[in-house]
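Asker: One structure is given below, represented as structure tokens, and several questions about it will come after.
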Amino acid sequence: MNDHFDKLTINENTIPIISALADNLPGGFFIYRAGGNEDLIYYNKQIPAMYGCESGDEFIRFVGNSFRGMVHPEDLERVEEEIASQIESGDDSHDHVLYRINRKDGSLRYFNDYGHFVHSESFGDIYYVYLIDITDEIHLKEQLEEEKESLRLANRLNESRASIVALGGDFDYISAVNLETQEEQIFKYNPAFMNLVPGWDRLE
């Protein structure tokens, strides 16, 4: 347990100091109450922009001045449970969760949330959170997974092509059966199948 964090003084007098530091962070930073409606106490200047809002007032209206309004509704229950579980089971009162958010323009973004639970004399139990937008990273990972899947299918196709050629026969049509659904598909054999670009034409 870090005594420095546990004794962190957060009140009306220290918020300006926190703001001077947090506004220079590369990501978002905010503080919210741990109970009740989880009302926001402070957020740095990066947070409204991350949610597609042009001002702090617009951001507050958009999320209802609550952490609960900052998280995608479909992710909220999971996120709250993960935070509570990590805080209860850990020995440093830190948590890390990933969740989606809806920007004001309706676009979907992915955020990494690094939080810390402390008790403050002025506000009671609170969380302060560092927020990072990892949407581009998520999309790149998805693209790489799609490319890997395409390569895997291409390799399987090449293996099938090699097996057919090894049979040494002439074919007009080839039947393939899906072992899971028992659905039969009939394909017209095309000499272009010998090339790297698939030459199968499924019969309608």
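Asker: Looking only at helices (runs of 4 or more DSSP H) that fall completely inside the stretch 18-94, which ones have 3 or more residues that are crowded, with 18+ Cβ neighbours inside 10 Å?
Answerer: Once the helices (runs of 4 or more DSSP H) in the stretch 18-94 are filtered for at least 3 residues that are crowded, with 18+ Cβ neighbours inside 10 Å, what remains is 46-50.
Asker: Follow-up question, since we're still on this one. Among what's in the stretch 119-145 and is assigned to a loop (DSSP other than H, G, I, E, B) and at pLDDT below 90, pick the residue that is least open to solvent (accessible area, probe 1.4 Å).
Answerer: By that ranking, first place goes to Phe123.
The values are calculated or read from the model by the stated rules, or taken from the named source; none is laboratory data. All of these numbers come straight from a predicted model, not from anything done at the bench. Every residue, glycine among them, receives a Cβ derived from its backbone with ideal geometry; neighbour counts consider all protein chains shown. The area values use the complete protein model at the heavy-atom level, side chains included, leaving out ligands, DNA and RNA. Shrake-Rupley method; radii C 1.70, N 1.55, O 1.52, S 1.80 Å.
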